[in-house]
Amino acid sequence: MNILHIAYLEKFIPSFIELMRKELSDIEQYFYTYGDFNKYPYENGDDSYHSYEKNNKLFSILSRYPPLIRKMYQADKIILHGLFDIKLVIVLCINPWLLKKCYWVIWGGDLYCYQDNVMPRSLYKSICEVFRRFAIKRFGYLVTYITGDIERVRSWYGAKGVYYKCIMYISNTCNAVPIFNDSKNKGTSIQVGNSADSINNHIDVFKLIKCQGERSIKIYVPLSYGNKDYANKIISLGNDMFGDNFIPIVDFMSIEKYIQYMTNIDIAIFNHTRQQGMGNLISFLGLGKTVYIRDSTSQWDLMNELNILVKSIDDYDGSTLSIEQSVHNIKKVKDIFSCENLCQQWRSILK
C-alpha cells in the first residue's frame, strides 16, 4: 500500500510526520510538503520531500507539479492535508481520475473560505471556486472529527465522499495533567482567542469582559501567529482598556511551555464565527478549564454531541465550571482525544 501525504507546512505537521513514522512504520508512506520549512522543520529522509519556493514562479511551478503528478499516479491513496493550494486543485481537476483516491483532511479555513466566496468577489476568486467545487464534489473521502463540517461540505459543495472520523493531529489530543487553581486567592486569568486573526473577534470579547466591571483579572491574548498589523491593533486596544492587566503573547512557545501556561488560565474565550482553534479548545477542556464559544458554530454542536460541557458567549458572566463539571470534561476529553485513538483512526484510514 503506497500512501502519499501532501501537506502545507503548519505547526502540527512535523509532529504528525514523526508520529506516522513511529507508530505506523509498517505502512509505506511518503510525505510531500511545501511552505516554510525553516519555521516548521522536520527530519527529511527517503520517505519525504520538501518543495522550496523558487524566485522564478514559472520554474517553481515546473519543479513542483510534474514530479508531484507522477507521485500521485503511483500512489494508492492521496492524503491532502488542507486544501489551500489552488494550483494543486487545478492539477487534480485536469486529472479527475485521481480525485476518487483523494482523502481531504479538512482543516477549517479550507472549508469556510466558501463563506468568503459567497460575498462579492473578484473574477480570480470566482474561477478558483469553480475548480474547488469540481474537485471537492468528487473527492473519494473526507477526513475530520467535526460532523458539522461534513454537513457543511456536503451542503455547500455537494461532496459525496466517504466520511472517516479522525482527530487528525497530535495537537488535537490531550495528555496534560490538570491542575486546579484557587482563583479566589489569585484572581481570574482569561485567555482571549488563539491567534492574531480578526476571526477571533477580540474587540467584542474585550467589551464583554469590561462590562463585567472592575475585578481582579488578567487578560492573556496569544498573538504570535497571524497578522502582525492586526496584532499591533489588538495590543494597543488591550493596553488602553485593561492597562497592566493585559498581557499579549507575541513569542512562540514550545508545546511544553504552552501547556504549563495553560494550567494557569481559568477561562478561555473563543469568539470565532466558524470552526477554528480546536487544538486549544480541546487542551483547555482536558485541563478542566472553563471555555466560552459561540453556540452557532460546529464546535458547539460537536461538544454537545460528545456531552462535553462548554458555555455560550451569549451567556458570558465570568463564571467558571464547578469542580464536578471540570472532572466530567477531563474524563471525556482523555477518553476521546487520546493519542491511542488518533493512531487507531489513522491506521483505519491508511490500511
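The values are calculated or read from the model by the stated rules, or taken from the named source; none is laboratory data. Here the structure is a predicted model, which is why all the values come from computation and not from measurement. Cβ sites come from the backbone with ideal geometry, for glycine too, and all protein chains shown count toward neighbours. For accessibility, only protein heavy atoms count, side chains too; no ligands or nucleic acids. Shrake-Rupley method; radii C 1.70, N 1.55, O 1.52, S 1.80 Å.
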### Task
Determine whether segment 263-274 contains at least one residue that is open to solvent by 10 Å² or more (accessible area, probe 1.4 Å), more than 18 Å from Ser319 (Cα to Cα) and either among the aromatic types (Phe, Trp, Tyr) or in a strand (DSSP E or B) (or both).
no
Considering segment 294-314, residues that are among the charged types (D, E, K, R) and assigned to a helix (DSSP H, G or I), and then whichever is nearest to the chain's Cα centre (by Cα), we arrive at Asp301
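Among the residues of segment 127-144, which ones are out of contact with any Phe, Trp or Tyr (no Cβ under 6 Å at 6 or more places or on another chain) and open to solvent by less than 10 Å² (accessible area, probe 1.4 Å)?
Ala135, Thr144, listed by residue number.
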Of those in segment 217-232 that are assigned to a loop (DSSP other than H, G, I, E, B) and open to solvent by less than 40 Å² (accessible area, probe 1.4 Å), the residue modelled with the highest pLDDT is Leu223
Check: Right, Ile190: modelled with pLDDT of 90 or more, in a helix (DSSP H, G or I) and out of contact with any Ser or Thr (no Cβ under 9 Å at 6 or more places or on another chain) or not?
Finding: no
Note: among Tyr42, Tyr73, Tyr49, just one is under 30 Å from Tyr114 (Cα atoms) and not β-branched (Val, Ile, Thr), namely Tyr73
Being open to solvent by 40 Å² or more (accessible area, probe 1.4 Å) and β-branched (Val, Ile, Thr) narrows Ile209, Ile247 down to just Ile247
Query - Condition check for Ile127: in contact (Cβ under 8 Å) with a residue 24 or more places away in the chain and out of contact with any Asp or Glu (no Cβ under 8 Å at 6 or more places or on another chain) - result: no
A careful count of residues in segment 59-100 that are under 24 Å from the mean Cα position of the chain (by Cα) and surrounded by fewer than 17 Cβ atoms within 10 Å (Cβ to Cβ) gives 3
Exactly one of Gly243, Gly238 is without any contact (Cβ under 8 Å) to a residue 12 or more places away in the chain and either out of contact with any Gly (no Cβ under 7 Å at 6 or more places or on another chain) or under 19 Å from Leu285 (Cβ atoms) (or both), and that residue is Gly243
Residue hits (segment 250-269; modelled with pLDDT of 90 or more and more than 28 Å from Ser236 (Cβ to Cβ)) are Thr263
Only one of (1) polar (S, T, N, Q); (2) closer than 24 Å to Glu53 by Cβ; (3) modelled with pLDDT of 90 or more does not apply to Ser155, and that is (2)
Considering residues that are without any contact (Cβ under 8 Å) to a residue 60 or more places away in the chain, assigned to a loop (DSSP other than H, G, I, E, B) and open to solvent by less than 80 Å² (accessible area, probe 1.4 Å), the number found within segment 1-58 is 11
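Each row is one residue, and each column tells you yes or no for (1) open to solvent by 10 Å² or more (accessible area, probe 1.4 Å); (2) of a type outside the set (A, V, I, L, M, F, W, C); (3) on the phi > 0 side of the Ramachandran plot.
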residue: Asn280; (1), (2), (3): yes, yes, no
residue: Leu287; (1), (2), (3): no, no, no
residue: Arg294; (1), (2), (3): yes, yes, no
residue: Leu302; (1), (2), (3): no, no, no
residue: Leu321; (1), (2), (3): yes, no, no
residue: Ser326; (1), (2), (3): no, yes, no
By residue number, the members of segment 145-175 that are open to solvent by 20 Å² or more (accessible area, probe 1.4 Å) and in a loop (DSSP other than H, G, I, E, B) are Gly158, Lys160, Asn175
Considering segment 25-40, residues that are of a type outside the set (Ser, Thr, Tyr) and in contact with a strand residue (DSSP E or B) (Cβ under 9 Å, 6 or more places away or on another chain), and then whichever is nearest to Asp110 (Cα to Cα), we arrive at Gly35
